[in-house]
Amino acid sequence: MNYKFLLLAVGLLTLVSFSSSFAQVPLMINYQGKLTMSSGAPLDTTISMVFSIYADSAGTTLLWAETQGAVVVNKGAFNVLLGSTTPIGYLVFDGTARWLGVKVGGDPEITPRLPMVSVPYAYRAATDGGWNINGNDVYHYAGNVGIRTTSTQYPLEVYGTVGLTGTGVDLYAPVNDLIFVTQNGQIRLNANSNKTVIENGDLIVLRYVGIGTSNPQASLDVAGHTRTQVLEITGGIDLAEPFAMSESDDLAPGIVVVIDPENPGQLKMSSHAYDFRVAGIVSGAGGVNPGLTLRQQGLSLGGQNVALCGRVYCWADASYGSIQPGDLLTTSDTAGHAMKVKDMSRAQGAIIGKAMSSLSEGRGLVLVLVSLQ
């Protein structure tokens, strides 16, 4: 059956005003038309109609379509809400020309297709310069997109956990900043400056991060050259290197160790005074941990961390002389213990460092600024 379709009006899109309580924007267009038989007689019926929006008048690029199965036609007139069954995304109207196609019943789509004029383009204006809320979760404001946050300061801002699933998932940040906001703060991945900045919080989603490696062995594992202007270490205050111990695999932290001439590359507990083979102090005594450890990947040197410089607690024996801050320390005849230097002629090459705390009598821990000389 052939129908003649006459356009009465395109759209009255009711735009809502925006305030601090952002209202939901209706994703529909109010559309009216007149349908007659080919003879010109108005139609009275209920009929299925298909509405389509195209990017061109020829109908080759379809942007949106929906079927309304029971459109009431009264004396030829009908009124429908486009988008009532299939929502019209606001990106359909991007400022370029759009055409409406209408198909009635089993007939082919009516031609020519109708150009859509000013009112439907206000549909997009409802989202530009104001908030667009979808399901109380997604927000759009002044070019920024927020997920579960209404105060977007960056092109994309997410409050909560971000999950990437699937095979071969890639994450790109080619322009500006990509922000993940957690309950404790925010993590900024800045592609322009090639750096990661953690602000006011912790990285609570990722447990291990590998750069140049797919098998990270620490919270941050970098395989390759690392360059930075300032490196602040907060986990410890001495520089240490692991050494194998020739006589014991478990020396107590704070023990003074010397080079073992019988076992190249290995150390052992000190045993006599003014030993020029002194190498350092086993790290970890008094709750002070190594801040920086040195080792080479692929070399299985093993052993215990020995402080080579920095501050570390050391076992000392004050029976050879009361120790005061500033005193030079060397090895003693008490195994693994330091003592105050009294004979400078014997101390050359046997100095461990300077005392930073005192020990008046007996044996105990002394804070030492390690400086082998």
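Before moving on, here are some points about what is shown:
- Efficiency of FRET from Cβ geometry, residue 361 and residue 294, R₀ 41 Å, rounded to 0.05: 0.65
- Working ranking of peptides 37-44, 229-236 by packing, defined as the average number of other Cβ atoms within 10 Å per residue, highest first, is 37-44, 229-236.
- Gyration tensor over alpha-carbon atoms, the range 238-371, equivalent ellipsoid semi-axes in Å: 23, 16, 12
- Cβ-based exposure ranking for 320, 313, in which fewest neighbours within 10 Å come first: 320, 313
- With the highest mean first, a sort of the peptides 359-366, 240-247, 212-219 on other beta-carbon atoms found within 10 angstrom per residue produces 240-247, 359-366, 212-219.
- Value of relative contact order over the range 238-371, rounded to a whole percent, pairs C-alpha under 8 Å and six or more apart: 29 percent
- Spacing of the two label points (7 Å from each Cα toward its C-beta) at residue 74 and residue 38, in nm: 2.9 nm
- Given R0 = 56 Å, the distance between the Cβ atoms of residue 151 and residue 57 translates into a calculated FRET efficiency of 0.85.
- The stretch between residue 248 and residue 218, if pulled fully straight at 0.36 nm per residue, gains 8.0 nm over its current Cα-Cα span.
Computed from the coordinates by the stated procedures, all read-outs in this text should not be read as laboratory data. Keep in mind that this is a model prediction, so the values were computed, not measured. Every residue, glycine among them, receives a Cβ derived from its backbone with ideal geometry; neighbour counts consider all protein chains shown.
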